[in-house]
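Some notes on the structure that comes next.
None of the figures in this text is laboratory data; all of them are computed from the coordinates on show. Here the structure is a predicted model, which is why all the values come from computation and not from measurement. In this analysis, Cβ positions are derived from the backbone assuming ideal geometry, glycine residues included, and neighbour counts consider all displayed protein chains.
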């Protein structure tokens, strides 16, 4: 059974353990009146682990949206562009990704989504094993040695 978790942090000291509780919550709520120095100390330690997860989870659970700039600052977006740059930027990224090995891109996305050091290391080892013996890996090495553009098949 899946259970959503909420972290509610009130007045008092906010150390690493409280920050970790927030990092593991689906929806963290922190009271406005807690001492700012404790908030900053705890949040700084956990920010890279939870901030984008918190915002993404909140958006998914509540249906609320955030600005493009906020999405960028949280690591949910890689670029923020003006209206007239949108299509060109999207096409640039599409071309760049289209030239990459599909299996490698798929595994990079999977490894990037892994939560925590142990899970990340395990995902990276699995990804390496998956990709290293592939036809695309042989094609990539061959193309490099022959100084030609690789033709990846996704196998």
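Extending each Cα 7 Å along its Cβ direction at residue 72 and residue 119, get the distance between those two points in nm, one decimal.
2.9
Multiplying the sequence separation of residue 135 and residue 85 by 0.36 nm and subtracting their Cα-Cα distance, what value in nm do you get?
That works out to 14.4 nm of additional length.
May I ask for the Rg/Rh ratio of region 72-148, computed from Cα atoms with Rh as the Kirkwood radius, given to two decimals?
Dividing the radius of gyration by the Kirkwood radius yields 1.08.
Run through every distinct alpha carbon pair of region 103-147 and return the Kirkwood hydrodynamic radius in angstroms, one decimal place. Write out the running numbers ahead of the final one.
Working: mean 1/r = 0.0890 Å⁻¹.
Mean inverse Cα-Cα distance, inverted, gives 11.2 Å.
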